[in-house]
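Each remark here refers to the structure printed beneath this line.
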Amino acid sequence: MARQVVELTDSQQARLRRAADRCGTTEADLIRQAVDHLLSQYDGEDSAARWRGRVEWMRARAAAHPGEERGRTWTRDELHERGSQ
């Protein structure tokens, strides 16, 4: 891996740290994911390949954190009921 220095604002650094904590990953990993996401929009990678990459990441994330409940806590009907109130 190549080493790269990136300067972030204090706000960006704090948000990155919180996101990494929430995701259970490192700040560096989130930065790599963001760079991959950005570059995939420019390098001709098709949407199916991007989707496969996201699915692989989600499966790896789920495998790394067994037993954590990840599903939504609401139903479609409940969501629509809240929106109509």
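The values are calculated or read from the model by the stated rules, or taken from the named source; none is laboratory data. Quantities reported herein were computed from a predicted structural model and do not represent experimental measurements. Here the Cβ is made from the backbone with ideal geometry for all residues, glycine too, and neighbour counts use every protein chain on show.
Within the stretch 63-79, restricting attention to residues that are surrounded by 10 or more Cβ atoms within 10 Å (Cβ to Cβ) and modelled with pLDDT of 80 or more, the residue that is nearest to THR25 (Cα to Cα) is ALA64. ALA14 falls short on exactly one of the conditions (1) modelled with pLDDT of 95 or more; (2) closer than 22 Å to ALA63 by Cβ, and that condition is (2). Can you tell me which of (1) modelled with pLDDT under 90; (2) part of a loop (DSSP other than H, G, I, E, B); (3) of a type outside the set (Phe, Trp, Tyr) is the one ARG59 doesn't meet? Among (1) modelled with pLDDT under 90; (2) part of a loop (DSSP other than H, G, I, E, B); (3) of a type outside the set (Phe, Trp, Tyr), ARG59 violates only (2). Checking each residue in the stretch 1-37 for being exposed (fewer than 11 other Cβ atoms within 10 Å of the Cβ), assigned to a helix (DSSP H, G or I) and more than 13 Å from the chain's Cα centre (by Cα) picks out ASP10, SER11. Would you pick out the residues in the stretch 21-40 that are closer than 13 Å to ARG54 by Cα and of a type in the set (D, E, K, R)? The answer is ASP36, and nothing else.
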